[in-house]
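*Asks:* Take a look at the following structure, please.
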Amino acid sequence: MDVLNWSSGYLHTSDAFEMVLTAGLCAWVQQSDRCSERREAESVFHAKRAPPISLQNYVSRVVKYSSCSPACFSVAFAYILRLARSYECMVPSSQNVHRIVLATVMLAVKMNEDIHYDNAYFARIGGLPLVELNRLETDLLLRLPFDVCVGIGEMVEA
């Protein structure tokens, strides 16, 4: 059965995963924002100010409209961990986390799902111009040195 028992009924595994992912990212963003003065130069992922949509609502939107499996979200989180370990400017903060989530989920879907949407669709999901999302994807691939395979050990860690 693909559901977890929840006190008020049933919660789908993907819903539970979304909640865990969002809670982890929110905690990470809060900690990162407190230490923002130590961050090096900004990246193409940084917005001038934090978007008006909450991270929880944004992740819910990406989950709802991207139609990808929970495994893809594990892969996306593994990409986020790689970025944060390698580039101080890529540690999720309130100014970059929305774009990091969108780009990593889109890349994870492309690498792990047989059928997926194109960049224009993901740009509409994320509320970004297509040109900007394409730039984010290119930067992401370069920062990951095109190493988009995530092994079991790395997924367990994520």
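The values are calculated or read from the model by the stated rules, or taken from the named source; none is laboratory data. Please read all numbers here as calculations on a predicted model, not as lab measurements. All Cβ positions, even for glycine, are placed from backbone atoms using ideal geometry, and neighbour counts span all protein chains on display. The area values use the complete protein model at the heavy-atom level, side chains included, leaving out ligands, DNA and RNA. Shrake-Rupley method; radii C 1.70, N 1.55, O 1.52, S 1.80 Å.
*Asks:* Would you mind computing, in nm to one decimal, how far apart the modelled labels at E42 and R61 are, each placed 7 Å from Cα along Cα→Cβ?
*Replies:* Between E42 and R61, the label points sit 2.0 nm apart.
*Asks:* Beta carbons within 10 angstrom, averaged per residue: use that to sort the peptides 100-106, 44-50, 70-76, 114-120, highest first.
*Replies:* Values: 100-106: 25.9, 44-50: 14.3, 70-76: 22.0, 114-120: 11.6.
So the peptides 100-106, 44-50, 70-76, 114-120, ranked by packing, come out 100-106, 70-76, 44-50, 114-120.
*Asks:* Expressed in nm to one decimal, what extension gain is obtained for the pair R135 and S86 from 0.36 nm per residue of sequence separation less their Cα-Cα distance?
*Replies:* On the way: separation 49, 0.36 × 49 = 17.64 nm, distance 1.93 nm.
Roughly 15.7 nm would be gained on extension.
*Asks:* Tell me, what HN-Hα J-couplings in whole Hz come from the Karplus equation 6.51 cos²θ - 1.76 cosθ + 1.60 at θ = phi - 60° for each residue of region 145-153, using x for Gly and Pro?
*Replies:* Result, ordered by residue: x, 6, 8, 9, 7, 10, x, 4, x Hz.
*Asks:* Would you check the accessible area of V148, probe 1.4 Å, heavy atoms only, in square angstrom rounded to 10?
*Replies:* For V148, the solvent-accessible surface is approximately 20 Å².
*Asks:* Taking just the alpha carbons, could you work out the radius of gyration and Dmax for region 68-135, both in angstroms?
*Replies:* My reading of the Cα-based Rg and Dmax gives 11.8, 33 Å.
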